[in-house]
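Encoded as structure tokens, the structure appears first; notes follow it.
Every read-out reported here was derived from the displayed coordinates using simple, explicitly stated rules and does not represent laboratory data. This structure is a prediction, so every number in the text was calculated from the model and none was measured. No Cβ is skipped: glycine too gets one built from the backbone with ideal geometry, and neighbour counts run over all protein chains shown.
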Amino acid sequence: MTAIHDQAMHYIYQQVLERLLNHMSQAQRAALQLLIQRLLVAAGGAEYIGTFRLLVLHGSDRRSIRLLAMLRAAQLSIAVRGPVTFQLRVLVVSLPAAGEPLRSCHERNFSALFLQDDPRVQLQMMEGRGVVPFSSVGVSQPTASTVAKDAMLVFGHLIDARPEALLGSRLHLEVAMAVGAALQSQASADVLVTAIAARQRRRFLAWARRSLLLAGERGVHETHHCLGALTQALIRLGNAAQAPTAAHAVPEPQATTEAASVRVMPMDDFLEQLLEGQKLDVMLGSIDETARDAWPFGAFVDPVALAQLHDLRARSQEPQPGRPALRLACPAAEGKRRDSQSLQVGKAYGIDHGQLTCLCFNPFARQGKNLERFLQCRHTDMLVALPYLHRALQGKPCPEAVKAWLVNISGLQLGQLKWIYEGRLPLSAWRVLSNLARRDIHLRLLPRCLPNRPRSLAELT
């Protein structure tokens, strides 16, 4: 029975390979042969290809989909020529959380390539800051830890609440944490294959080096040669950024020989030919609104997340008389749908709709400068308690109900709200967080916003 099953699977894999080759241009087939040769050389020869392990970060853009298709074609082509082929590990990355349409798109792509039932392929996805088996069914409960939730809320309230900053370069630290978790598993990887060109990789390394130097990291030159070392350094940077928000940081991975040997396999000399054409898109069923041509780093962000944050920010900050109600001025079903869409952005962090709306106003920073405006726009019934809110944020005696309201509406503990109100933060943390706020997810410079600077350097602890 096993022999019959293996023969049937071998026939299916041959059909998948033939379909892939038939949907490639002549230039793509030539690039595929170069890819196969490079993989065999990287493995140390055909006799070692069976234990060679590839890691690919799979985004939501067409380039990621085409790269995965070419890697699958290479894997099946080597299997046709010899008894074994390399192991392929696919890590789906979509921040802050993948929506149902995007997960369904990935499911279609994986089915077209017949990846789910192949023991030589491992499909995984980011969940929170960890790695779990890929599933097209979304989780019903928030998956982020309290540390991740606090880190995002404190960053927005104290540093910058603009959508481009919240979903900007700070998300690269979360990707590093997931990659670090993947590299620490028993079946790690030998090389990382990516559709990001050399120019963008150098840009990322330059950003990482500057950020690590600001955090006081030493020996950052090592991160340019080793993916494992870079990942560990970025996790330490993420812990440094989170240090003021929680008592416990994300554990740093142990330095292992296997992690230290992970490297990026260059394909820049034939990357353009490898990822050209739309015929592969038709075969994979990726011609829809979920697949797009994105900037390299933007492929790892949920396409609708940034738009949802912009929509929430615009609607919540409109003047009271002309502002359409977010929950009550539309039919119940439509209002419920709109709120659930907004919650999708905060779902991965366990942040509800009201807390995201509060974040848009920065009501507690700079001694509560925007607190009254926040109450006028969103919570007019709390205007009478404004003096007590300031007393609570100053650490003075006030009713317990006021303290509870602050904690519920912000999602933060009262102690965290107090030093957001006072602007107290160690200078090293200011440098790290402010540097993260300077660039968006594509590592492009953002226009400067008014920083919530501390009142005096003497207050820094």
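By the gyration tensor of its Cα atoms, with a ≥ b ≥ c the square roots of the eigenvalues, what is the shape of the stretch 1-139: rounded for a/c under 1.5, prolate for a/b over b/c, or oblate?
Note, shape of the stretch 1-139 comes out prolate.
In this structure, ALA314 and GLN394 have a Cβ-Cβ separation that, at R0 = 25 Å, corresponds to a calculated FRET efficiency of about 0.20.
With a cut-off of 16 Å on the backbone N, the residues of the stretch 84-115 near the modelled label site 7 Å out from GLN14 along Cα-Cβ are 84.
Once the Cβ-Cβ distance of THR146 and ARG202 is raised to the sixth power relative to R0 = 51 Å, the FRET efficiency obtained is 0.90. Extension gain, SER136 to SER185: 0.36 nm times the residue separation minus the Cα-Cα distance gives 15.4 nm. Of the peptides 198-210, 166-178, the ranking by mean beta-carbon count within 10 Å, highest at the top, reads 166-178, 198-210.
Between VAL407 and VAL80, what length in nm is gained on full extension when 0.36 nm per residue of separation is reduced by their alpha carbon distance?
111.6 nm
Neighbour counts of other Cβ atoms within 10 Å put ILE65, ILE196, ILE409 in the fewest-to-most order ILE409, ILE196, ILE65. With a Förster radius of 25 Å, plug the Cβ-Cβ distance of GLU272 and THR51 into 1/(1 + (r/R0)^6) and report the FRET value to the nearest 0.05. So the FRET efficiency works out to roughly 0.20. At q = 0.07, 0.08 Å⁻¹, work out log10 I(q)/I(0) for the stretch 2-300 with the Debye formula, treating every Cα as an identical point scatterer and leaving solvent out; two decimals please. At q = 0.07, 0.08 Å⁻¹ the computed log10 ratios are -0.27, -0.36.
Only one residue of ILE78, GLY59, HIS172 has its Cα farthest out toward the positive end of the dipole of the stretch 2-300, where Lys and Arg carry +1 and Asp and Glu -1 on Cβ, and that residue is HIS172. In a DSSP loop and with at most 14 other Cβ atoms within 10 Å, the trypsin sites (Lys or Arg not before Pro) in the stretch 407-449 are ARG444, ARG448. Site pair ASP6 and ARG210 shows an inter-label distance of 5.5 nm when each label is modelled 7 Å from Cα along Cα→Cβ.
What pairs in LYS369/LYS418; LYS369/LYS403; LYS149/LYS418; LYS369/LYS396; LYS149/LYS403 have C-alpha atoms more than 22 Å from each other? None, as every Cα separation is 22 Å or less. Label zone of ARG431 (point 7 Å out along Cα→Cβ, amide N under 19 Å): in the stretch 199-214 this covers 206-214.
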